[in-house]
Amino acid sequence: MRFLLLMFVFHVIVIQQCGAMLHPIDFLALQAIRKTLNDLPGSNFFSSWDFTSDPCSFAGVYCAGDKVIALNLGDPRAGSPGLTGRLNPAIGKLSALAEFTVVPGKVFGVLPESFSQLNNLRFLGVSRNFLSGRIPAGLGKLRRLQTLDLSFNQLTGNIPWAIGTLPALNNVILCHNHLSGSVPPFVSLRLTRFDIKHNALSGSLLPMSLPSSLQYLSMSSNQLTGPVDHLLTRLNRLNYLDLSINRFTGCIPGNLFRFPIANLQLQRNQFTGRIYPAGLVTIPVVDLSFNRFYGEISPLFSGVQILYMNNNRFMGQVPGIMVDRLLSANIHVLYLQHNFLTGIAINPAAEIPVRSSLCLQYNCMVLPVQTPCPLKAGKQKSRPTAQCGQWKG
């Protein structure tokens, strides 16, 4: 401690000569932060951190007056090796801090509880490192927080419910961790991006659990259950939706297909029911595969460029307009294998455009055309007759 005080006194003398001085608490906090972090081989980020000079001139340190307002740790250039070590609890002493980031690297250990003291924090981003342990519940005190990005780490435990109450959140990115438990409701009417894919989250979602302001929603690869039709009906600003690889049930609202979505991923769930789009579907990519949808395929899906409807219980004829758009190369992928379809009006001599793909095998019909299918479709061309007779949709 005596050494630290002597260093600070020397710092005061040097900086006073330059006409500026960092607050002593911030100065000591930066020293503590530096002691528990190091450059990985190939990185020289900390080479400018010479505490005999003005810390506000250090790489990644930004000041206003005598306080640190932003701390961006690590070389942000693409390919930089990043940092290693632990995040020091002294970060919580930087009372004016509005932004804290760490570049991808090998920073390990827990996210310090002291982050809850940063009442001015607006941006917290520590992604693609090796953070472990739980997300501090105290982050729920940061009422000004707008972006929370802790993606691609090794975090465990639940998402603290207090975080869902933060009123200013724009972006919540917690994907690729080991989080478990249920998803808390989020109330911020500014929330536009919510990404929790690739975790172990479970439970169902309430109709009002997410705000209608959402534009990007990804919950893929969890263990989420229950219906989502009432929730989805409200999210009419979505431009990206991925609910794939969960255990969601129930039907899909027809108005979902009218939203300004560019990519719709609903595959590998337990969705059921007939699908009645509210109008011509112009979403470029739609994946409904590996569910329990049934009934006839709506011709309103003919506006989709890449369409996966395989491994469901669809029946009846393939709409003629879909065939026309496939042959004119307006539909690039049309996967209908492993359903109960009974026919398709296509000339056996028709040539499928080189850039288009059609798969029809394992349905209740003799294939009028032979087209290459993915290996996972199997070798059987048609479904056994006994199965076709008993399934009525």
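The values are calculated or read from the model by the stated rules, or taken from the named source; none is laboratory data. None of the values given here were measured: they were computed from a predicted structure. Glycine gets a Cβ as well: all are built from the backbone with ideal geometry, and neighbour counts include every protein chain shown. Side chains included, ligands, DNA and RNA excluded: accessible areas come from the protein's heavy atoms. Shrake-Rupley method; radii C 1.70, N 1.55, O 1.52, S 1.80 Å.
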Solvent accessible area, Å² - residue 296, 1.4 Å probe, full protein context: 130 Å²
Could you compute how much accessible surface residue 382 exposes when probed at 1.4 Å, giving the result in Å² to the nearest 10? 40 Å²
Multiply the residue gap between residue 276 and residue 187 by 0.36 nm, knock off their C-alpha separation, and tell me the result in nm, one decimal place. 29.0 nm
When N counts the residues of the chain, how does its alpha-carbon radius of gyration compare numerically with 2.2 N^0.38 Å, as a ratio? 1.29
Give me the distance between the Cα centres of segment 352-393 and segment 25-62, rounded to whole Å. 63 Å
Segments 265-276, 32-43 sorted - mean Cβ within 10 Å per residue, highest first: 265-276, 32-43
Could you provide, to the nearest whole Å², the per residue accessible area of the chain with probe 1.4 Å? 44 Å²
Euclidean distance between Cα centres, segment 96-162 to segment 198-222, Å: 20 Å
Which percent of the accessible heavy-atom area of the chain goes to carbon and sulfur, probe 1.4 angstrom? 56 percent
What are the ³J(HN,Hα) values, in whole Hz, obtained from phi via the Karplus relation 6.51 cos²θ - 1.76 cosθ + 1.60 with θ = phi - 60°, for each residue of segment 116-126 in sequence order, with x given for Gly and Pro? 5, 8, 8, 5, 9, 5, 10, 9, 10, x, 9
When Lys and Arg each count +1 and Asp and Glu each count -1, what net charge do the other residues less than 15 Å away from residue 153, Cβ to Cβ, add up to? +3
Rg and Dmax of segment 300-339 over Cα atoms: what are they, in angstrom? 9.7, 27
Specify the residue with the greatest mean-square fluctuation among 210, 155, 22, computed from a Gaussian network of the chain linking alpha-carbon atoms under 10 Å apart. 22
Per residue of segment 324-334, in order, report the coupling 6.51 cos²θ - 1.76 cosθ + 1.60 (Karplus, θ = phi - 60°) as ³J(HN,Hα) in whole Hz, putting x for Gly and Pro. 4, 6, 5, 5, 8, 6, 7, 9, 8, 9, 9
Under a straight-distance cross-link criterion of Cα-Cα below 14 Å, which aspartates and glutamates are reachable from residue 67, leaving out those fewer than 8 residues away in the same chain? 26, 54, 99
Can you tell me, using C-alpha contacts under 8 Å and at least 6 residues apart, the relative contact order of the chain as a whole percent? 6 percent
Given axes a ≥ b ≥ c from the Cα gyration tensor, I'd like to know whether segment 238-393 is rounded (a/c under 1.5), prolate (a/b larger than b/c) or oblate. oblate
Give me the angle, in degrees from 0 to 90, between the Cα long axis of helix 24-35 and the longest principal axis of the Cα atoms of the chain, rounded to the nearest 10. 60 degrees
Between residue 350 and residue 170, what is the label-point separation in nm under the 7 Å Cα-to-beta-carbon projection? 4.8 nm
Give me the dipole magnitude in Debye, nearest 20, for the chain about the Cα centre, with unit charges on the beta carbon: positive for Lys and Arg, negative for Asp and Glu. 800 debye
Amide H within-cut-off set for residue 131, under 5 Å, with H built and near neighbours excluded: 154
In nm, to one decimal, how far is the residue 209 label point from the residue 387 one, both placed 7 Å along Cα→Cβ? 3.3 nm
Counting only DSSP beta bridges fully inside the chain, the antiparallel percentage to nearest 5 is 10 percent
Restraint check, 93/197; 197/381; 197/379; 106/376; 35/197; 35/141, Cα-Cα greater than 29 Å: 93/197; 197/381; 197/379; 106/376; 35/197
Binned at 10 Å from zero, the C-alpha pair distances of segment 100-150 give percents of 26, 58, 17
Once you have the Cα-Cα distance between residue 313 and residue 110, take 0.36 nm times their residue separation minus that, and quote the gain in nm to one decimal. 68.4 nm
